[in-house]
Amino acid sequence: LLGRPTDSLKLYKKARTIFQRERDFYGLAYGNCGMGNALRRLAKYRQAIQFYNKAAGLYRRLGDQVNEGYVLWGRFVCLTALAENKRAALDLARAVSLFTKAKDERGLALLHVWAGRPARGLQSLALREARCS
């Protein structure tokens, strides 16, 4: 639901309820991240951070470093908007490390677009997609 964060938030809330009931921790991490993304797009940064925190913890416990990197990127954007630069820098450094280790072009493109990080060798598709995030 790109461009429709309010509708996305409603759907992620419903999905998260199902994931909680089913004890699906991967889905729960995804739902929390999705809610964080929707709230970020609505400029509700403090609320978004709460959901990113939950998602980051779950992805870390699940060993999913790439998705943890995406959560850290989202939280970085929120922290930057709130001028919490020290905390934002920690998230950025960890996301860079995770995306570099995984050779995740989309993640590296997000960091290039949103944090001015080097984008050597990234495909234009990844950069275009990152600009929409």
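The values are calculated or read from the model by the stated rules, or taken from the named source; none is laboratory data. All of these numbers come straight from a predicted model, not from anything done at the bench. Glycine gets a Cβ as well: all are built from the backbone with ideal geometry, and neighbour counts include every protein chain shown. Areas reflect the complete protein model, heavy atoms only, side chains present, ligands, DNA and RNA absent. Shrake-Rupley method; radii C 1.70, N 1.55, O 1.52, S 1.80 Å.
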Within region 1-55, work out how many residues are assigned to a loop (DSSP other than H, G, I, E, B) and in contact with a helix residue (DSSP H, G or I) (Cβ under 6 Å, 6 or more places away or on another chain). 2
Using beta carbons and a limit of 8 Å, which pairs, at least six apart or on different chains, have the first residue in region 42-63 and under 16 Å from F76 (Cβ atoms) and touching a residue at least 12 places away in the same chain (Cβ under 8 Å) and the second one outside any helix (DSSP H, G or I) and among the aliphatic types (A, V, I, L, M)? Y45/L82; R46/L82
Listed by first then second residue, the pairs whose first member lies in region 64-75 and is over 13 Å from F51 (Cα atoms), whose partner is outside any helix (DSSP H, G or I), with beta carbons under 6 Å and at least 6 positions apart or on separate chains, are V66/D104
Identify the residue in region 67-97 that is β-branched (V, I, T) and within 10 Å of the chain's Cα centre (by Cα) and, among all such residues, is surrounded by the most Cβ atoms within 10 Å (Cβ to Cβ). V71
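Please tell me if A29 is under 19 Å from T6 (Cβ atoms), open to solvent by less than 10 Å² (accessible area, probe 1.4 Å), small (G, A, S) and touching a residue at least 24 places away in the same chain (Cβ under 8 Å).
Numbers: under 19 Å from T6 (Cβ atoms): no; open to solvent by less than 10 Å² (accessible area, probe 1.4 Å): yes; small (G, A, S): yes; touching a residue at least 24 places away in the same chain (Cβ under 8 Å): yes.
The answer is no for A29.
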Residues satisfying the stated conditions in region 10-24, i.e. surrounded by 15 or more Cβ atoms within 10 Å (Cβ to Cβ) and farther than 15 Å from A55 by Cα: L11
Which residues, taken from region 1-24, are in contact (Cβ under 8 Å) with a residue 24 or more places away in the chain and small (G, A, S)? S8
